[in-house]
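**Student:** Please find one structure pasted underneath; my questions will follow.
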Amino acid sequence: MRLSQTFIKTLREAPKDETAKNGALLTRAGYIHKEMAGVYDYLPLGLRVLNNIENIIRDELNKLGCEEVLMSALQNPEPWEKTGRFSDQEVDIWFKTELSAGGELGLAPTHEEPIIEMVKKYVSSYKDLPFAVYQFQNKFRNELRAKSGILRGREFLMKDLYSFHTTEADLDRFYAEVEGAYERIYERVGLGDCTYETFASGGIFSKFSHEYQTELPVGEDTIYYNENHSLVLNKEVFEDDILAEFKVKKEDFKETNGAEVGNIFKLMFKYSEPLELKYADEDNSTKTVYMGCYGIGVSRLMGVIAEKYSDDKGLIWPESVAPFKYYLVGIGEKGLAKVEELYQGRENEILFDDRDARPGEKFADSELMGIPYRIVVSDKTLTSDSAEVTNRLTGETALVKLAELFK
């Protein structure tokens with residue numbers, strides 16, 4: 001990407017209606033555009049970050065043998081009515097619309113019901129199980145509060161994974177595999193040392209579910225952790241009887257704020273029973289399929305990273321999710337000629353600031369955008385066949401020989 005050829009412009013100040021740090025920084029740096037409260041567009045830089053996060057998640061899930069699909073956002077009410085979840089009294093976050101020919105549709109807040117309707121066409125025998133499918137798709141939720149930037153949106157990108165099994169033991173096996181995959185995902189996106197598997201309420205079908213909470217001052221959840229973070233509990237289950245079950249005491253825990261960046265849940269028969277997802281066992285008896293569901297809010301995760309990795313100058317992306325690895329600047333006649341040469345063949349990893357602008361403006365934008373490494377080639381650095389490289393995370397600057405620059 002050449003900055004002179006993109007329509008994106010950075011802003012010195014965030015819009016007055018953008019109060020959340022992640023929303024303000026991502027807007028100022030040209031990653032997102034706010035349509036309205038809780039609804040954002042992702043510009044070229046922002047889309048690259050989302051794609052990088054997606055690819056990390058996709059890589060880990062594919063290693064488990066999961067298969068990717070893409071389902072419709074528009075929802076037929078029929079399966080949802082069978083589970084009681086199309087009712088606004090039961091689920092109050094639906095966006096619904098009337099068809100011109102009559103009838104009502106909804107925009108999916110999640111996909112348990114439609115995924116079951118889909119796989120029912122392909123499951124008849126125990127030989128068809130187990131399997132797991134996932135998708136990356138925009139979800140729609142009519143949130144009352146949508147003022148936290150991309151941490152809480154009315155339209156947001158989510159990865160939802162669903163698994164199908166013949167036995168509870170097999171569900172437990174896969175559930176544990178997903179736990180491992182999630183730990184690796186958060187490690188790879190740069191949140192491994194501050195994201196914790198957290199016990200939360202499992203509702204009426206299970207005592208516990210698991211959330212993944214990133215410790216964050218602006219997080220909307222209250223979580224409690226012991227000294228080494230080996231046990232973390234959401235406020236909703238931080239009660240005397242639960243603590244007694246874990247054989248711990250309240251005074252052993254500290255309180256902090258967390259932002260939920262994922263959840264996993266053993267659905268068991270919660271949706272497969274009312275929607276009659278069944279199979280024929282080896283003895284030809286009819287049985288109900290066990291299910292699990294596993295979510296990660298991809299756009300929300302991007303917002304959490306932006307909140308976590310930033311300073312008074314701007315964003316600081318971990319290399320694994322950054323839109324580009326290098327921010328390239330040329331100064332002086334020879335420096336400008338050399339950066340053109342360096343850019344060739346590395347367009348996918350270099351954000352090339354070839355604008356007719358002062359060096360100071362380019363340096364400020366490189367810090368605001370949070371690209372991991374800024375490379376400056378000038379007539380002065382070329383006297384030693386070198387470039388000046390600045391690490392955005394540490395602020396350290398060093399002269400690096402051109403021959404060693406991309407090694």
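Every number in this text was worked out from the coordinates using simple rules, so none of it is lab data. Just so you know, these numbers come straight off a predicted model, no measurement behind them. All Cβ positions, even for glycine, are placed from backbone atoms using ideal geometry, and neighbour counts span all protein chains on display.
**Student:** Once R0 is set to 51 Å, what does the formula 1/(1 + (r/R0)^6) return for the Cβ-Cβ distance between Glu104 and Asn62, expressed as a FRET efficiency to the nearest 0.05?
**Tutor:** Values: r = 37 Å, r/R0 = 0.72.
Efficiency, from the Cβ-Cβ distance: 0.90.
**Student:** Order 333-341, 7-15 from most to least packed using the mean count of other Cβ atoms within 10 Å.
**Tutor:** So the peptides 333-341, 7-15, ranked by packing, come out 333-341, 7-15.
**Student:** Select from Tyr182, Ile116, Ser148 the residue farthest towards the positive end of the dipole of region 3-311; place +1 on Cβ of Lys and Arg, -1 on Cβ of Asp and Glu, and compute about the Cα centre.
**Tutor:** The listed residue farthest towards the positive side: Ser148.
**Student:** How would you rank 43-50, 357-364, 22-29, 159-166, highest first, on the average number of other Cβ atoms within 10 Å across their residues? Could the numbers behind the result be given before it?
**Tutor:** Details: 43-50: 19.6, 357-364: 14.0, 22-29: 24.6, 159-166: 23.0.
Ranked from most to least packed, the peptides come out as 22-29, 159-166, 43-50, 357-364.
**Student:** How big is the dipole moment of region 327-369 about its Cα centre under a simple scheme where the beta carbon of each Lys and Arg is +1, that of each Asp and Glu is -1, and everything else is neutral? Debye, nearest 20, please. Before the final figure, lay out each step's value.
**Tutor:** Numbers: 6 positive and 11 negative charges, 28 e Å.
The dipole magnitude comes to about 140 debye.
**Student:** For a label point 7 angstrom out from the Cα of Ile8 toward its Cβ, which stretches of region 38-52 have the backbone nitrogen within less than 11 Å?
**Tutor:** Label zone hits: 42-50.
**Student:** Region 59-122: which chymotrypsin sites (Phe, Trp or Tyr not before Pro) are DSSP loop and have at most 16 other beta-carbon atoms within 10 angstrom?
**Tutor:** Passing sites in region 59-122 are Tyr122.
**Student:** Let me ask something else about it. Any chance you could give the angle, 0 to 90 degrees and rounded to 10, that helix 359-369 forms with the longest Cα principal axis of the chain?
**Tutor:** Tilt of helix 359-369: around 10 degrees.
**Student:** Mind listing the phi-derived Karplus ³J(HN,Hα) values for region 317-326, rounded to whole Hz, using 6.51, -1.76 and 1.60 with θ = phi - 60°, and x for any glycine or proline?
**Tutor:** With the stated coefficients, region 317-326 comes to 6, x, 3, 5, 10, 4, x, 9, 7, 10 Hz.
**Student:** Quick one: if the Förster radius is 25 Å, what FRET efficiency do Glu220 and Asn142 give, using the C-beta to C-beta distance and rounding to 0.05?
**Tutor:** Values: r = 17 Å, r/R0 = 0.69.
It comes to 0.90.
**Student:** Highest mean first, what order results for 136-146, 210-220 on Cβ atoms within 10 Å?
**Tutor:** 210-220, 136-146
**Student:** For the pair Glu273 and Ala364, what calculated FRET efficiency results from E = 1/(1 + (r/R0)^6), where r is the Cβ-Cβ distance and R0 = 56 Å, to the nearest 0.05?
**Tutor:** On the way: r = 58 Å, r/R0 = 1.04.
My answer for the efficiency is 0.45.
**Student:** Please give the length that would be gained between Ser87 and Leu336 if that part of the chain were fully extended, namely 0.36 nm times their separation in residues minus their C-alpha to C-alpha distance (nm, one decimal).
**Tutor:** 83.4 nm
**Student:** Give, to the nearest whole percent, the P(r) tail of region 3-311 beyond 29 angstrom, counting all Cα pairs.
**Tutor:** 42
**Student:** Full extension from Asp385 to Asp312: what is 0.36 nm times the residue separation minus their Cα-Cα distance, to one decimal in nm? The partial results should precede the final answer.
**Tutor:** Working: separation 73, 0.36 × 73 = 26.28 nm, distance 3.30 nm.
Working it through step by step, the gained length comes to 23.0 nm.
**Student:** What is the sum of charges around Leu171, taking Lys and Arg as +1, Asp and Glu as -1, for the other residues whose C-beta is under 13 Å from the C-beta of Leu171? Show your work: numbers first, answer last.
**Tutor:** Values: positive: Arg173, Lys266, Lys270; negative: Glu168, Asp170, Asp172, Glu177, Glu179.
Summing Lys and Arg as +1 and Asp and Glu as -1 gives -2.
**Student:** What is the magnitude of the charge dipole of the chain about its Cα centre, with +1 placed on the Cβ of each Lys and Arg, -1 on the Cβ of each Asp and Glu, and no other charges, expressed in debye to the nearest 20?
**Tutor:** 1160
**Student:** Tell me the net charge near Gln135. Cut-off is 13 Å between Cβ atoms, Gln135 excluded, with +1 for each Lys or Arg and -1 for each Asp or Glu.
**Tutor:** Once all neighbours under 13 Å are counted, the net charge is -2.
**Student:** Same structure, new question: What distance in nm separates the simple spin-label points at Lys249 and Glu349, each placed 7 Å from Cα in the Cβ direction?
**Tutor:** Once both label points are built, they end up 5.5 nm from each other.
**Student:** A further question follows. In region 324-404, what % of DSSP beta bridges are antiparallel (nearest 5)? Intermediate results must be reported in sequence, preceding the final value.
**Tutor:** On the way: 9 of 18 bridges.
So the antiparallel bridges amount to about 50 percent of the total.
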